[in-house]
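Below are the C-alpha cells for one structure; questions will follow.
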Amino acid sequence: MGKLKRLARRQKMDIPLLSDEGSEIIQAFGLLTGYPQGTFYYGVPHPAIVVLGTDGAVAHCFTARHYSQRPEIDDVLAVLRKDATS
C-alpha cells in the first residue's frame with residue numbers, strides 16, 4: 001500500500017489524495033520549501049489554497065511561508081466574494 005493510502009486510512013480521510021513525486025507542480029507554483037534535495041523534507045511544499053476558475057485556469061493561489069501556517073479562510077473567502085461581485 002502506498003504512503004498516501006496509508007495516510008488516508010490512518011486519518012480516516014475520504015477524499016482523493018494526489019502525489020507530486022517529482023515536485024514539478026509545487027515548483028511551478030513557487031511553493032517548494034528550501035530543504036536540500038536528498039534530505040527527508042525535500043519536496044515539502046509551503047501550504048497553499050489553489051482556486052481554479054470555471055475554465056480550469058488558476059484564478060487565485062493563496063500561500064503561507066511556513067508549514068505551520070495556513071492561509072486564513074476568512075481572507076480567502078473575502079477575495080473570492082469580491083471577485084464574484086466585480
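If you wrap a convex hull around the Cα atoms of the chain, how much volume per residue is inside, in Å³?
In the chain, the Cα convex hull volume per residue is 145 Å³.
With springs connecting C-alpha atoms under 10 Å apart, model the chain as a Gaussian network and identify which of I73, I25, I15 has the largest mean-square fluctuation.
The residue with the greatest mean-square fluctuation here is I15.
Between Q37, Q11, Q69, which gets the highest mean-square fluctuation from a Gaussian network model of the chain, Cα cutoff 10 Å?
Highest fluctuation of the listed residues: Q11.
Picking from G30, T54, P16, whose Cα lies most toward the positive end of the charge dipole for the chain (charges on Cβ: Lys, Arg +1; Asp, Glu -1)?
Result: P16, furthest along the dipole toward the positive end.
A short reminder: the numbers here are calculations on the coordinates, not readings from a lab. Keep in mind the model is a prediction, meaning the values are calculated, not measured. Neighbour counts are summed over all protein chains in view; Cβ atoms, including those assigned to glycine, are modelled from backbone coordinates with ideal geometry.
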